[in-house]
Amino acid sequence: MYNTLRTFGLLAALTALFMVVGYFIGGSSGMMMAFGFALLTNLFSYWNSDKMVLRMQNAVPVERSQVPQLYEMVDILSQKAGIPTPAVYVIQTDQPNAFATGRNPQNAAVAVSTGLLQQLDTREVAAVVAHELAHIRSRDTLTMTITATFAGAISALAQFGLFFGGGNNRDNPLGGIGALLMVFLAPVAAMIVQMAVSRTREYEADKDGAAISGDPLALASALAKIAHFAGRQVNVQAERNPAMAHMYIINPLSGQRMDNLFSTHPDTGNRIAQLQQLAAQLQVVDKDPRPARGPWSASPRRPAPGGATWRAPSAGRDNPGDRGPWG
């Protein structure tokens, strides 16, 4: 119920922001046009924005037959989380990262990057998947996806108004200056709304994801690795669509690693510290301190949460067919 009310509150706030942008661009008529646009965006966001987000991030759906080990991992963790198994997507990028989307647990998807599968070990991948499942279970994904859609639409609305001469409208109280300000201030305002939603939910998803996987230290290790590589490997699709950056487990954009007003994610060090505290409280120790290997390299069978097991397939040169759809 709380998340439902939060989502409706967010929709109302973003609709109001739409109307303010419309007013400064085109006066009263611009405000009404923006209100109509906002209503259409609301409907679209609820029913289709998850598909749009996946498409804009070049996420490719994969079948169970293509990646049975990954599907088995998602299955096991979904059962422990108490939600239906979401659809599985792979993002073609060397940057290790992941996100979840969908309007509810019955219509959800988890997207992981090829870099995540190649650069993290099995425990760490499982911990990341559990984090994303926590977002799905708490219905954060609806809020995250709608916010991404609105933020992009608000930026487009402001630029559209300036391009078509909204600053010359006599109803505009600030004239050309008002329209110019909206081009810069509207995206900033949308980003602030994103941040208000994003930063607290990441801490909660870390905690809930650690509970689902039963391995907070693996999630801490995964966050450290993803943050390290995210600052060095460019995620082209995320850079092209920065309004969607808040959906990833770690900010995929370059130059935004500080825990300040304009960061879409909490500081990674703070998140790791929280997970280490949680592990200490639960008296969890790192049971596998060996050097990290990608989950698709040859490795022994490891226990999965709930007592089930999965085997990481070989990605060696002797078994090229096991490398998965990313090749």
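The numbers here are math on the coordinates, done by the rules we state, and not lab data. No experiment lies behind these values; they were computed from the predicted model shown. Reconstructed Cβ throughout: ideal geometry from the backbone, glycine too, with neighbour counts over all protein chains shown.
Here the 3J(HN,Hα) profile of segment 119-128, calculated from phi with Karplus coefficients 6.51, -1.76 and 1.60 at θ = phi - 60°, is 10, 10, 7, 4, 4, 5, 4, 4, 5, 5 Hz, Gly and Pro shown as x. The ranking of ARG55, ARG139 from fewest to most other beta carbons within 10 Å of each one's beta carbon is ARG55, ARG139.
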